[in-house]
1. Output the qualifying pairs, or none if there are none: Cβ atoms under 7 angstrom, residues six or more apart or on different chains, first residue in the stretch 586-602 and of a type in the set (Gly, Ala, Ser), second residue open to solvent by 30 Å² or more (accessible area, probe 1.4 Å).
2. Go through the stretch 277-293 residue by residue and tally those that are out of contact with any Phe, Trp or Tyr (no Cβ under 9 Å at 6 or more places or on another chain), buried (at least 17 other Cβ atoms within 10 Å of the Cβ) and not small (Gly, Ala, Ser).
3. If the Cβ limit is 6 Å and pairs must be 6+ apart or interchain, which residue in the stretch 63-75 that is acidic (Asp, Glu) and in a helix (DSSP H, G or I) pairs with which residue that is open to solvent by less than 30 Å² (accessible area, probe 1.4 Å) and modelled with pLDDT of 95 or more?
4. Sort out which residues of the stretch 244-272 are on the phi > 0 side of the Ramachandran plot and either among the charged types (D, E, K, R) or modelled with pLDDT under 95 (or both), and write them in order of number.
5. Does GLY373 fit the bill of being open to solvent by 10 Å² or more (accessible area, probe 1.4 Å) and at pLDDT below 90?
6. Among the residues of the stretch 209-256, write down those that are open to solvent by less than 60 Å² (accessible area, probe 1.4 Å) and of a type in the set (Phe, Trp, Tyr).
7. Can you tell me how many residues in the stretch 438-456 are surrounded by fewer than 22 Cβ atoms within 10 Å (Cβ to Cβ) and either touching a Cys at 6+ places or on another chain (Cβ under 8 Å) or outside any strand (DSSP E or B) (or both)?
8. Which of (1) open to solvent by 60 Å² or more (accessible area, probe 1.4 Å); (2) in contact with a Phe, Trp or Tyr (Cβ under 6 Å, 6 or more places away or on another chain); (3) not in a loop (DSSP other than H, G, I, E, B) is the odd one out, the single condition PRO103 does not satisfy?
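The values are calculated or read from the model by the stated rules, or taken from the named source; none is laboratory data. The structure presented is a predicted model; accordingly, all values stated were derived computationally and were not measured. Here Cβ is always computed from backbone atoms with ideal geometry, including for glycine, and neighbour counts include all displayed protein chains. We work out accessible area using only protein heavy atoms, side chains counted, and drop any ligands, DNA or RNA first. Shrake-Rupley method; radii C 1.70, N 1.55, O 1.52, S 1.80 Å.
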Amino acid sequence: MSEPIQVDFGNDKSRKTSGSSSQEVLIPPDRSGLKIVIDFIITAVVGAVIYYFWLPPMNFHSPDFYIFWAVIAGVFILSVFLTSSALIKPEYVPYAKKRSKIPLIIVIALVVIFAIGWLVGCQLFRAKSYSSLLSVDENTDFNKSVTVIDSTKDFKNVPMVDSTASETLADKVLGDLASIGLESQFDLATQYSTQINYKGSPCRVYPLRYGNIFKWINNTRDGFPGYVIVNMNTQDTQFVFVDKNQNTENYIKYSPTEHFQKNLKRIVRFKYPQMIIGNISFEADDNGTPYFICQSLKMRIGLVSGTDVQGIVLVNAVTGDMNYYSTDELKTGKSSDGTDLTWIDQVYDVNLLVQQYNYYGTYNNGFWNSVFGQTGVKKTTTGASYLAIDDDVYCYTGVTSVNSDESILGFILINQRTKDALFYSQTGATEVSAMNSANGAVQDKGWQSTFPLLINLDGEATYFMALKDSSNVVKSYAMVNVSNYNIVATDAANGNPYLNTCIDNYVSALKANKNKVIHVDTSVDMPTDSPVKGSDSVKTEGDGNASAPKESKISGVISDILSQNESGSTCYYVKLENSGAWYKISADDYPEAILLRKGQRVYLTVAKAESETDNEEEFYSEVEGLSEYESQA
């Protein structure tokens, strides 16, 4: 029998005297001790199930850690209310509240710790730390860093297709599995594919996943027979069997797309319970052995901010053997035991690198500058591509001003193994503008450009791209000059892509427009009150007069600049000091014109010069050449 319930029925005066008027009467349920034990068992079981499938790290630097333990506390509180019947018998609510007090305090403590940890790491207070996550070398030479491809058509290391076209090629080769009776059993696990340098060629490798749950049941015992590799230069595609004799004992057994004890993240988590697992990617070494690479992340700012990579776990996809390597080892290419690591191409994923560069470009001069003055604030353009340089893979993206996305200030190359970052100052068209130029060249065909690949052709920064039809089949190639996206060339555009024709057409376009391939020094800051006298402000080549003959070259310091939209294009009208003439510059012809400002010296080639008139604002000359800005002595 349960003990009798004891209730204090004292009068109001006695309750006021004892100070218990605000206290709730605690009525414990039957077998309350046993039920507490049951609550702990339920919490432990539910927590183990949640942990097994969720796999949160036991690390104070991970937001998942706080969420997990808050959920566990919530499970215990819910269990107390259920086992005590407090949800259906209100008299047991005070008892359930008392039992829930400690877990509730734990939840509050977790929230407070997380909030304080986030606050001390927020960008408002730690802008400099965010800008330091990535170290960028801005004293670089494009011709020395990016291998020059000359017009003799040495394109053996240049990808001819993008990731989408590569995926289409990879899909078709899955039919090779019919030879072992496994056709239609697998799909490509594209989210883990990686562009790598494989035996000196740019390739993309694709692991597999099961077609559906029933195909998993039929095949999980043996695993995956291999993976797909696409040579992005030659477009040769093959299915690589991990065992040439199709011995199922040597099939790929561990993958992020597997389940239960073969799931890649699960086996890594059980060996490294504190590790914050980041991006997972698939690669193959030079012998063709498949590996998965799991990032080990570290929060470098405050408690839960400033995500960065501190190392990787390299997992053999066949055996499940794994080793941890620090970023210092990966940067040198040698592990502490002498293992060669240079074949690993992706330690840092492109999304993380772009995020860190944007922190660098945004907060390099402090948080408030990024909000108000925005002096020197830069950001990456939309999209990214990959370059192969010295057997490493670099991610590439353009860099533009935060106030403009019409042209680039330069571009950034970041080594995905070492995180070495190189910035190249280069004014010109954004990748999207280049794609539009290429699409316009074949608009009657309806083909669409891939995201551009940056190449160095005869010393000229050039966007190279494929033009595809609606089936992702490459139909043509296009090249667009970075400095001037009006210099565009394709091949014959007859549906049979011919690279050599495209190169020849582009080189011819470069020669025909050599005066329009312009390099602009945007770092010049001329004081607007700079002393200029007489003919020193407007210098001409020709007859030496300010009213120069046709095709004269004029230099001077900008005294005024206006802009106007004409038929969808922006035109700039520039006046030079000590000259009444206005010079018209089309932004379509010279995208760098948007960078012109008062006080800069500029060199112009004009179509004609007219005598100055009383009504100066109605008078201008067309500009046919725009050369370097330079500071005035």
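1. Filtered contacts from the stretch 586-602: ALA587/THR570; ALA587/TYR572; ALA587/ILE594; ALA593/TYR572; GLY599/PRO527; GLY599/THR528.
2. Going through the stretch 277-293 one residue at a time, the tally reaches 1.
3. These pairs meet every condition: ASP64/PRO56.
4. Scanning the stretch 244-272 gives a single hit, GLN246.
5. Answer is yes for this residue.
6. Result: TYR210, TRP216, PHE224, TYR227, PHE239, PHE241, TYR251, TYR254.
7. Adding up the residues that qualify gives 9.
8. Condition (1) is where PRO103 drops out.
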